[in-house]
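The values are calculated or read from the model by the stated rules, or taken from the named source; none is laboratory data. The shown structure was predicted, so the numbers you read here are calculated from the model rather than taken from an experiment. All Cβ positions, even for glycine, are placed from backbone atoms using ideal geometry, and neighbour counts span all protein chains on display. Each accessible area value is taken on the protein alone, full model and side chains, heavy atoms only, with ligands, DNA and RNA left out. Shrake-Rupley method; radii C 1.70, N 1.55, O 1.52, S 1.80 Å.
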Amino acid sequence: MSDINPSVTRSSLIMASGTIVSRLLGFARAVLLAATIGVTTDAADAFGVANQLPNSVYAIIVGGVLNAVLVPQLVRARAAKDGGKGYIDRFVTLAITVFFVVGLILTIAAPFLVRLYTAGWTEQQLALATAFAYWCLPQLFFYGIYSVFGEVLNSRSAFGPYMWAPVLNNLVSLGGLAAFIAIFGADPTGARGVTDWGADQIALLAGSATLGVAAQSMILLASWRRIGLKLKLNFRWRGFGLGPALKTASWSLAMVFVTQIGGLVQTAVASTAASARDTGIVVASVAAAAIAWLIFMLPHSVVTVSVATAYFTRMSQHAANKDMAKFKIDMTTGLKVIALVSMISTAILIVLSYPIARVFAGEYPATAALGNVVAAFMIGLVPFSFVYMMQRAFFALEDTKTPFFFTSIQIAIHITGSLILGATMDKQWLVVSIALLTAFSVTVQGSIAYLALKARIGGLEGFGVGKSLITFFLAMIPAAMIGVLALNWLGGIGEGSYPVDRAVTAVASGLLVGFAMLFTYLGLLWLFRVPELREVSKQLTIRFGKNSK
């Protein structure tokens, strides 16, 4: 009998469907943004740095402090007479206050932050990035309250709204980009210099991005009513059990600090690659790295985040009941489902890295620069997704100390490696080498996390994680070979070849090759009688089939 719980599978499917729609719209937004300001241009890097500042903090919020503290505390608070309503009001009020203050401080500090995250830029490019940052940094406040509102919903097993809200964000952003192109025109090659940007252009491009994030957070309040909650601000923070939560959060706050340092160093080092453009070379820098990371995060967001979020609440409940047997089942089952999708996603996105890059980039040199970064990042997808799931296991146990240590090791490796690469690597290959370094450091982090988790909850033998990984890998190799053969049959990835000639031919090639690889992979898993595949297929039939009730 399969270990996958049907309710968890349905919850994951609800979240995954919202994430798929959101990610598709996010891809459309990225393509439109690339048409608006390019991929390997100074303006693209300036906006990339500015828009990355709140995004980096948001990623840490979701994966760190709030996730580590809020869900386990909310699950326990439901045992109170008021069903946890008083705890929710106080915690949300505190979070809103903190995010507002932090967001305000960071917005005021925009010039300092931009200089901190860049190196070797001209004063004109710094000025443009700072102007963008003044409009983008308020996103931090809205990202923060989106996380808080969403985690409250997750703690009540209302997973859908949290994953569907970003759809509104993307729609608003797409509208802003469309308006920008209609008014000011598209500029994929960077003909508009950094000194040619007016205040109206900056406000429309960056302001619409922030407006989308604000809409994403506010719409979640409407979903609260569906679970019987209504926000009531309560500033009486003493005496409602915040002390244990803050103690638990202290290690997550420390992890935030070291992760921020790692992100700062990586962005600053990557930004130095832009200086090579003065010699006429097309190089990947901050903007290209951001697009490559967006592509990298697609399978992670659709599957890993959905599965881990659904299992996180269950693992928190099992930990509260001290039922470690069920805890292990949920954790290892989540790892196997994540591995099933991440393995083939790695192969597909590496094989199709150039055609995918062509959709974003207008010329072949930019396509090659972006495609190399995509392929390098994808090597680390499986360990990255495993780390995410294992972090949630530790957070469910209210152990944030251990994730701090194995994250600190990863950051130390990454910082050291980035500084060495920045001093020694040719600028044309700098961002590619940083992406490879990321894959290596995350693999080390995942190995340490797995050993630490085994020590924390006891042996994990007998749950079939290793066997599943080997099975998925054996199915992935023939699928990758089929993909390479199909891509070469279409003309390969050289300049002028069909798969990278135009965006439409890149999409057509990607669909053909991708489906061939996926069909091969799924067919082999079916022959191997993989239980995770059968269970997911059954739940898809139940949810979307003709006989579903």
message = Multiplying the sequence separation of V484 and I105 by 0.36 nm and subtracting their Cα-Cα distance, what value in nm do you get?
response = 131.4 nm
ask   = Got a sec? Which residues in region 382-402 would a label at I409 touch, if it sits 7 Å along Cα→Cβ and we count backbone N under 19 Å?
value = 382-395, 399-402
remark   = Along the dipole axis of region 299-373 (charges at Cβ: +1 for Lys and Arg, -1 for Asp and Glu; origin at the Cα centre), the most positive-end residue among T309, N321, T346 is N321
request  = Answer with one residue from F386, L370, L436: the one whose Cα lies farthest towards the positive end of the charge dipole of region 345-470, charges on Cβ with Lys, Arg +1 and Asp, Glu -1.
outcome  = F386
query = Given H placed 1.01 Å from N in the peptide plane, which residues other than close sequence neighbours of A361 have an amide H under 5 Å from its amide H?
reply = none
request  = Highest first, please rank the peptides 123-133, 283-293 by the mean number of other Cβ atoms sitting within 10 Å of their residues.
outcome  = 283-293, 123-133
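Grab the Cα-Cα distance for T122 and V504, subtract it from 0.36 nm times how many residues apart they are, and report the gain in nm with one decimal.
Values: separation 382, 0.36 × 382 = 137.52 nm, distance 3.64 nm.
The T122-V504 span can extend by a further 133.9 nm.
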remark   = Residue by residue through region 93-108, the couplings from Karplus 6.51 cos²θ - 1.76 cosθ + 1.60 with θ = phi - 60°, in Hz, x for Gly and Pro, are 4, 4, 5, 4, 4, 5, 5, 5, 5, 5, x, 5, 4, 5, 5, 5
key: Dimensionless Rg/Rh of region 346-409 - Kirkwood Rh, Rg from C-alpha atoms   = 1.23
note = For the A325, L474 Cβ pair and Förster radius 41 Å, calculated FRET efficiency rounded to 0.05 is 0.85
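What is the sum of charges around V114, taking Lys and Arg as +1, Asp and Glu as -1, for the other residues whose C-beta is under 15 Å from the C-beta of V114? Please list the in-between numbers first.
Numbers: positive: R115; negative: D42, D45, E123.
Taking every Cβ under 15 Å from that of V114, the sum is -2.
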key: J(HN,Hα) series, region 26-40, from Karplus relation 6.51 cos²θ - 1.76 cosθ + 1.60, nearest Hz, glycine and proline x   = x, 5, 4, 5, 5, 5, 5, 5, 4, 5, 7, 10, x, 10, 10
request  = Provide the per residue accessible area, probe 1.4 Å, for region 379-482, rounded to a whole number of square angstrom.
outcome  = 41 Å²
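Under a point-charge model restricted to the Cβ atoms of Lys and Arg (+1) and Asp and Glu (-1), what is the dipole moment magnitude of region 265-412 relative to its Cα centre, in debye to the nearest 20?
Details: 9 positive and 6 negative charges, 72 e Å.
So the magnitude is around 340 debye.
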key: For region 405-415, 3J(HN,Hα) per residue [Karplus equation, 6.51 cos²θ - 1.76 cosθ + 1.60, θ = phi - 60°, Hz, x = Gly/Pro]   = 5, 6, 6, 4, 5, 4, 5, 4, 4, 5, 5
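Can you give the extra length, in nm with one decimal, that the chain gains between L233 and T416 once fully stretched, where that is 0.36 nm per residue apart less the Cα-Cα distance? Please list the in-between numbers first.
Working: separation 183, 0.36 × 183 = 65.88 nm, distance 4.47 nm.
Roughly 61.4 nm would be gained on extension.
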query = For K401 and V21, what does the FRET efficiency come to when R0 = 45 Å and r is the distance between their Cβ atoms, rounded to the nearest 0.05?
reply = 0.75
